[in-house]
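Take a look at the structure below.
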Amino acid sequence: MKVAEFASKLNMRILTGETGLDREIRGVYTCDLLSWVISHARKDDAWITVHTNLNIVAVALLAEISCIIIPEDISVEEATLKRACQEGIPILSTGMNAFEICCRAGELLKSTGSNLAL
Amino acid sequence: MGDNVIKLDYVIPGDDFSVAGEASSNVKKVLNQLGIPPFIVKKATISMYEAEINSVIHAGGGNAHVEIDNEKIVVEITDQGPGIPDIELAMQEGYSTAPDEIRELGFGAGMGLPNIKRYSDELEINTEVGKGTTVRITIRLKA
């Protein structure tokens, strides 16, 4: 499922304009230890993290993550958004917490067959 | 590529945590442009990223030198930091000497060196307490 459709179906705000909206989401990953994320997240996962510093963009790039989801309406630094736009990584924001996002995203990806594991 | 060797050099600034990872992101782009298979690019860039971050966290930055030939990618990260007193301990997953403010950024989980070991084909660490550390990572392009 494309990032644009995913964000729209789950009522998430897109903080990075048109950047990378046609990237494909095939799964969801949630973790806040950056080294763990780069070695365990899968390509095309949507990544949920409470971190908002610039480094999340580098991690997303290296792990080939499709988009970053910031939960619980945490505000994101302008510099991070700017870098994400430059690198083509969309950042989504929502009031939901990580568990709620996983549940909703799981239902959504299952319904469309985007994640074969579900 | 024949005898061609591509050499890339980067300065890793130690005072600006926000640019940490730029050298490895750049190397990733170069490797992709060269048409190197994605799983090899991933191995090289994850290893380099961890070493780069280590030099920022522990050593006030350093230098990265990358050489790519038709057989391998070699990444050498050199710093003039405090050195590693106990390599065996530092290689243990979960062991970290990173300060709290670094951990708050999502680093310092004690996975840097273990990740490098996992993703590289060869890892050589030369370190001297009080002088600095050189981490040399080799990723082979052929099985």
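Selection within region A:82-111: residues that are of a type in the set (Ser, Thr, Tyr) and surrounded by 14 or more Cβ atoms within 10 Å (Cβ to Cβ). The member of this set that is farthest from A:Thr16 (Cα to Cα) is A:Thr94. Checked against the criterion of being within 8 Å of another protein chain (Cβ to nearest Cβ) and either on the phi > 0 side of the Ramachandran plot or part of a helix (DSSP H, G or I) (or both), the candidates A:Ser8, A:Ser35 yield just one match: A:Ser35.
Residue-wise test of (1) under 18 Å from B:Gly108 (Cα atoms); (2) in contact with a helix residue (DSSP H, G or I) (Cβ under 9 Å, 6 or more places away or on another chain).
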{"position": "B:Gly14", "(1), (2)": "yes, yes"}
{"position": "B:Gln33", "(1), (2)": "no, no"}
{"position": "B:Met48", "(1), (2)": "yes, yes"}
{"position": "B:Asn54", "(1), (2)": "yes, yes"}
{"position": "B:Asn63", "(1), (2)": "no, yes"}
{"position": "B:Asp69", "(1), (2)": "no, no"}
{"position": "B:Ile87", "(1), (2)": "yes, yes"}
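Pairs meeting the criteria (first residue in region A:95-118 and closer than 19 Å to A:Cys31 by Cα, second residue at pLDDT 95 or above and of a type in the set (Phe, Trp, Tyr), beta carbons under 8 Å, at least 6 apart or on different chains) are A:Ala105/A:Phe6. Of the residues B:Ile77, B:Ile102, which is of a type in the set (Val, Ile, Thr) and farther than 18 Å from B:Ile137 by Cα? The unique qualifying residue is B:Ile102.
Among the residues making up region B:30-66, a single one is touching a Gly at 6+ places or on another chain (Cβ under 7 Å), closer than 24 Å to A:Arg42 by Cβ and of a type in the set (A, V, I, L, M): B:Ile53. Residues of region B:94-109 that are facing another protein chain (nearest Cβ under 10 Å) and of a type outside the set (Gly, Ala, Ser): B:Arg103, B:Glu104, B:Leu105, B:Phe107. Could you check region B:6-21 and list, in sequence order, the residues that are touching a Pro at 6+ places or on another chain (Cβ under 9 Å) and farther than 18 Å from B:Ile116 by Cβ? Hit for region B:6-21 is B:Val19, nothing else.
Checked against the criteria, A:Glu64 does not count as away from every other protein chain (no Cβ under 12 Å) and of a type outside the set (Ser, Thr, Tyr). Of all the criteria given as (1) touching a residue at least 24 places away in the same chain (Cβ under 8 Å); (2) among the polar types (S, T, N, Q); (3) in a strand (DSSP E or B), the one not satisfied by B:Asn115 is (3). The single condition among (1) touching a strand residue (DSSP E or B) at 6+ places or on another chain (Cβ under 6 Å); (2) within 26 Å of B:Pro38 (Cα to Cα) that A:Thr80 does not satisfy is (1).
The values are calculated or read from the model by the stated rules, or taken from the named source; none is laboratory data. Keep in mind that what you see is a predicted model, and the values were worked out from it rather than measured. For neighbour counting, all protein chains shown are included, and Cβ atoms are generated from backbone atoms with ideal geometry for every residue, glycine included.
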